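Each remark here refers to the structure printed beneath this line.
What follows draws every value from the coordinates through simple rules; no lab data is involved. In this text, all values refer to a predicted model and were calculated from it rather than measured experimentally. Neighbour counts run over all protein chains shown; Cβ positions are idealised from the backbone, glycine included.
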Amino acid sequence: MTDKALQYFDTAGFQQDLLKWYDENKRDLPWRKSQDPYKIWVSEIMLQQTKVDTVIPYFHRFMEQFPTVYELADADPQDVLKAWEGLGYYSRARNLQNAVREVVAEYGGKVPDTPRELGSLKGIGPYTKGAILSIAYNKPEPAVDGNVMRVFSRVLKIEEDIAQQRTKKLFDTYVREVISEEDPSSFNQAIMDLGSSICTPKSPACLLCPVQEYCIAFAEGMEESLPIKSKAKKQKPKAYVVLLIKNDKSEYVIEKRSDKGLLADLWQFPMVPIDEVGWDHVGNWVNDEYGLDIKINAKKGNLKHVFSHIIWQLEIYEAETQQQELTDERLLLVEKDGLERYPFPVSHQKMMSYIK
DNA sequence: AAAACGGGGTT
DNA sequence: AACCCAGTTTT
């Protein structure tokens, strides 16, 4: 006990009240039905920046399709991406499969249980490493996410900016001192449940909180103003023309995105930055980016799609082509009912309704 | 240290 | 429209 913030902190009492509350109130979540490290791993990757309610159906489908590390290691990466379709942060899916392949190749299919080995796997950072070690292997390792920082910033009245990297390390040392050595799995999950249901970002339910008596922020009536977090930059708008191009066999042109950057390896309808679009005097498409010979028919609508750092402003047009084959290797002609085999970002899934 | 990387929900 | 979020990798 070297740190001032914990000098007078009743660690034993805090643990006891938190764990009792967790035992009586823990949520019944699909990944809590076993301690299978692979299942814990998949759930934790899916839960990064993603709500529980969103993850649950994906988790069920994923486990049905890839029940163990071996099925996932053997899978076609496009099928993994398809299983991830709509979840976002698609590098998570690619990194997860790469890491699982390493587990099969280097660790005989057993998910490692040491911080060093686990942390060396693709997509497993400090948080996920701690979550797997504590939940699957019951090791007293911190798993510091947004919930933990929010709960601890209030309980201990920490006023550092939680958007800063060094602040995360600060919380790591606090959790390392306060975590239950007897039941680190329940301790970490209890903090997450508490942050999710009681110690919420807005209007926390302090009157229902099992650890209210330990909370400095509550005692001082400042729970609403913690944690301190610097604001994110505003997104930059980027405008595109999107083309729903059909040939006379009712096949549609789709395009595979780059294997790097935003929405890597997903498919989309051809999309051109609006400032690179050329129209002739009778309104014909003259941009030859894809080597396509097309005729624009009608504007189908506008779509706005917000990312964390960009806002797409999309103008959607219906078009037709006489071509039966394509020269650009990024492009593919696919019948309407075949589109569902390819992983699309949510923005382009929404355009499917325009072609019914 | 900052930016890139999705999507959905709440206020 | 602004704000929130069960993070990791790349630059």
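Can you give the helix-only mean residue ellipticity at 222 nm for chain A, where every DSSP H stretch with n ≥ 4 adds -39500 (n - 2.57) and the sum goes over all residues, rounded to the nearest 500 deg cm²/dmol?
Taking each H run of at least 4 residues, the total per residue is -11000 deg cm²/dmol.
DSSP loop (so not H, G, I, E, B), at most 11 other Cβ within 10 Å: list which trypsin sites (Lys or Arg not before Pro) in the stretch A:181-248 pass both filters. Walk me through the numbers on the way to the answer.
Working: sites: A:LYS202, A:LYS229, A:LYS231, A:LYS233, A:LYS234, A:LYS238, A:LYS246; in loops: A:LYS202, A:LYS229, A:LYS231, A:LYS233, A:LYS234.
Answer in residue order: A:LYS202, A:LYS231, A:LYS233, A:LYS234.
Only Lys, Arg, Asp and Glu count, each charged at its Cβ (+1, +1, -1, -1), so figure out the dipole size of the stretch A:236-355 about its Cα centre, rounded to 20 debye. Intermediate results must be reported in sequence, preceding the final value.
Values: 15 positive and 20 negative charges, 134 e Å.
It comes to approximately 640 debye.
For A:ILE294, no residue has an amide H sitting under 5 Å from its own, ignoring neighbours fewer than 5 places away on the same chain, with H placed 1.01 Å from N.
Pairs of alpha-carbon atoms within less than 8 angstrom and 6+ residues apart define the contacts here; what relative contact order does chain A have, in percent?
Relative contact order for chain A comes out at 15 percent.
Among the GluC sites (Glu not before Pro) in the stretch A:164-209, those placed in a DSSP loop whose Cβ has at most 16 other Cβ atoms within 10 Å are A:GLU181, A:GLU182. Spin-label model, A:ASP337 to A:ASP248: label points 7 Å out along the Cα-to-beta-carbon direction sit 2.3 nm apart.
Between A:GLU276 and A:ASN98, what is the FRET efficiency for a Förster distance of 25 Å, r being their Cβ-Cβ separation, to the nearest 0.05?
Values: r = 34 Å, r/R0 = 1.36.
With a Förster radius of 25 Å, E is 0.15.
Please state the charge dipole magnitude for chain A, taken about the Cα centre, from unit charges on C-beta atoms (+1 on K and R, -1 on D and E), reported in debye and rounded to the nearest 20. If you can, show how the numbers build up before the last one.
Values: 46 positive and 54 negative charges, 144 e Å.
Its charge dipole is roughly 700 debye.
Of the trypsin sites (Lys or Arg not before Pro) in the stretch A:52-126, which ones lie in a loop per DSSP and count no more than 12 other C-beta atoms within 10 Å? All intermediate terms of the calculation are to be shown ahead of the outcome.
On the way: sites: A:ARG61, A:LYS82, A:ARG92, A:ARG94, A:ARG101, A:LYS110, A:ARG116, A:LYS122; in loops: A:LYS110, A:LYS122.
In loop regions of the stretch A:52-126 (DSSP not H, G, I, E or B), the sparsely surrounded trypsin sites (Lys or Arg not before Pro) are A:LYS110.
In this structure the amide hydrogen of A:ILE228, modeled in the peptide plane, comes within under 5 Å of the amide hydrogens of A:ILE162, none closer than 5 places in sequence on its chain. The phi-based Karplus calculation (6.51 cos²θ - 1.76 cosθ + 1.60; θ = phi - 60°) puts the 3J(HN,Hα) values of the stretch A:54-60 at 6, 6, 3, x, 4, 4, 4 Hz, whole numbers, x for Gly and Pro. Close amide-amide hydrogen proximity is noted between A:PHE344 and A:TRP267, each under 5 Å apart and 5 or more residues distant or on a separate chain (H modeled in the peptide plane; Pro and chain starts excluded).
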